[in-house]
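The values are calculated or read from the model by the stated rules, or taken from the named source; none is laboratory data. Every value quoted in this text rests on a predicted model; they were computed, and no experiment measured them. Counting neighbours? That spans all protein chains shown, and the Cβs are built from the backbone with ideal geometry, glycine included.
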Amino acid sequence: MQPQAFDLNDIVHEPSDEQLDALMEAVAVAARRHSQSAREQLMLRLRAEIMAIKLPSCRVK
């Protein structure tokens, strides 16, 4: 069952505990999605930077 929508700016009617729980869960899901995306982008940039490094040629004598 979906909790009834509420307005966070409404200072007269407080949201129920269920509504607040649903809101906190939605925020947590969005934060996890955002952090996963940021982590993936960071790893792509890191791999690209590592691949772009020109290592000096080491000759074994």
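Details
Let's see how each residue does on (1) surrounded by 10 or more Cβ atoms within 10 Å (Cβ to Cβ); (2) of a type outside the set (A, V, I, L, M); (3) over 22 Å from the mean Cα position of the chain (by Cα); (4) modelled with pLDDT of 85 or more:
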site	(1), (2), (3), (4)
9	no, yes, yes, no
30	yes, no, no, yes
43	yes, no, no, yes
46	yes, no, no, yes
50	no, no, yes, yes
56	no, yes, yes, no
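- Every residue from segment 16-28 that is surrounded by 10 or more Cβ atoms within 10 Å (Cβ to Cβ) and among the charged types (D, E, K, R): 18, 21, 25
- Filtered by the rule that a residue be in a helix (DSSP H, G or I) and of a type outside the set (A, V, I, L, M, F, W, C), segment 6-26 gives 17, 18, 19, 21, 25.
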